[in-house]
Amino acid sequence: MLLAVESATDLVGAALLRPDGSVAERSHVGGRAHAELLAPAIEEVCALSGCTLADVDVVAVDIGPGLFTGLRVGVATAKALGQSLGIGVLGVTSLDILAAGARGTAGPERAAAVLTVVDARRREVFAAAYRFGSGTGDPDPADVRDDRSEALDPADVATWLGALTSDGPVLVVGDGAVRYLDVLGPVTGADCGLAAEVSAPSPAVLARLAARRLVAGAVPSGPGELVPDYRRHADARINWEERTPQRSARPAPEGP
């Protein structure tokens, strides 16, 4: 069995993928209560599936980008489970999970091109573009991803989106798209109709995408090798740096 752990955004949850392909899922919109809500969600999916954690073979976890605290909770939980159970962990990005969720919700035709946008707070977002194509094939999101490795200004994403839509409509999803709908929605060719429905990475989609990658040959890592994708410092550090005046360099003392 595969246990999926999701806590990269305001949505906190877990999913358990059974060998027969069925999924038990529990999620909550927890704001900042990631630590309080994740463990009960894991307990609930195990109870629904009639199993215990000892039956889990691999843990998949959303490694971000997303909320700093949420990522720490999810990754730390996955590491602890992997170490205590003696099993591997597989990290999946929040942007890939959103893209897979958009394609599963909208269908191949509407989701031929997808832009996933995660709210990074501080009036910034994380984003990635995906060119799936309109064929019947179903590429892995990672294989068709055009990513940006830093937090972006929503206005810059709107400019990027405008360039993407020159080749046709682009489906835009994620909580960043919801928050900055006034910036992204007016872009010609932008399809934001599913932004609210596919606003957060789904634990069930994470579970299925991770399982698909395992079948394709992905190898889970050891718990100690799992690294979250923060893409910037924590808000607390940024706030401290902004509020603390930088000390001017003292002149070097004269003499020997």
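The values are calculated or read from the model by the stated rules, or taken from the named source; none is laboratory data. Treat the numbers as computed from the prediction; the structure is a model and nothing was measured. Reconstructed Cβ throughout: ideal geometry from the backbone, glycine too, with neighbour counts over all protein chains shown.
Strands (runs of 3 or more DSSP E) fully within region 1-44 that include at least 3 residues being out of contact with any Asp or Glu (no Cβ under 6 Å at 6 or more places or on another chain), touching a residue at least 40 places away in the same chain (Cβ under 8 Å) and closer than 16 Å to T77 by Cα: 2-6, 11-17.
So which residues in region 200-227 are among the aliphatic types (A, V, I, L, M) and touching a helix residue (DSSP H, G or I) at 6+ places or on another chain (Cβ under 7 Å), if there are any at all? Full working, then the answer.
Of the residues in region 200-227, the ones among the aliphatic types (A, V, I, L, M) are 200, 204-207, 209-211, 214-216, 218-219, 226-227.
Matches in region 200-227: A200, V205, L206, L209, L226.
In region 45-62, the residue that is farthest from A210 (Cα to Cα) out of those that are assigned to a helix (DSSP H, G or I) and in contact with a Lys or Arg (Cβ under 9 Å, 6 or more places away or on another chain) is L48.
When R18, R26 are screened for being in contact with a Gly (Cβ under 7 Å, 6 or more places away or on another chain), on the phi < 0 side of the Ramachandran plot and surrounded by 15 or more Cβ atoms within 10 Å (Cβ to Cβ), only R26 passes.
Just so you know, in region 134-191 the residues that are assigned to a loop (DSSP other than H, G, I, E, B) and of a type in the set (D, E, K, R) include one that is surrounded by the fewest Cβ atoms within 10 Å (Cβ to Cβ), and it is E150. Taken residue by residue, region 108-119 has at least one member that is more than 30 Å from A54 (Cβ to Cβ), touching a residue at least 60 places away in the same chain (Cβ under 8 Å) and not in a strand (DSSP E or B). Considering only residues that are under 11 Å from A102 (Cα atoms) and either part of a loop (DSSP other than H, G, I, E, B) or in contact with a Leu (Cβ under 7 Å, 6 or more places away or on another chain) (or both), which ones fall in region 197-207? Matches in region 197-207: E197, V198, S199, A200, P201, S202. Looking at A196, A216, which one is under 16 Å from T9 (Cβ atoms), modelled with pLDDT of 95 or more and outside the structural domain of L115 (by TED's automatic domain parsing)? It is A196. Can you confirm whether region 50-58 contains a residue that is within 25 Å of D229 (Cα to Cα), in contact (Cβ under 8 Å) with a residue 60 or more places away in the chain and touching an Asp or Glu at 6+ places or on another chain (Cβ under 8 Å)? Within region 50-58, none of the residues are within 25 Å of D229 (Cα to Cα), in contact (Cβ under 8 Å) with a residue 60 or more places away in the chain and touching an Asp or Glu at 6+ places or on another chain (Cβ under 8 Å). Only residues that are touching a helix residue (DSSP H, G or I) at 6+ places or on another chain (Cβ under 7 Å) and either surrounded by fewer than 19 Cβ atoms within 10 Å (Cβ to Cβ) or among the basic types (K, R) (or both) were counted across region 96-121, and they come to 2.
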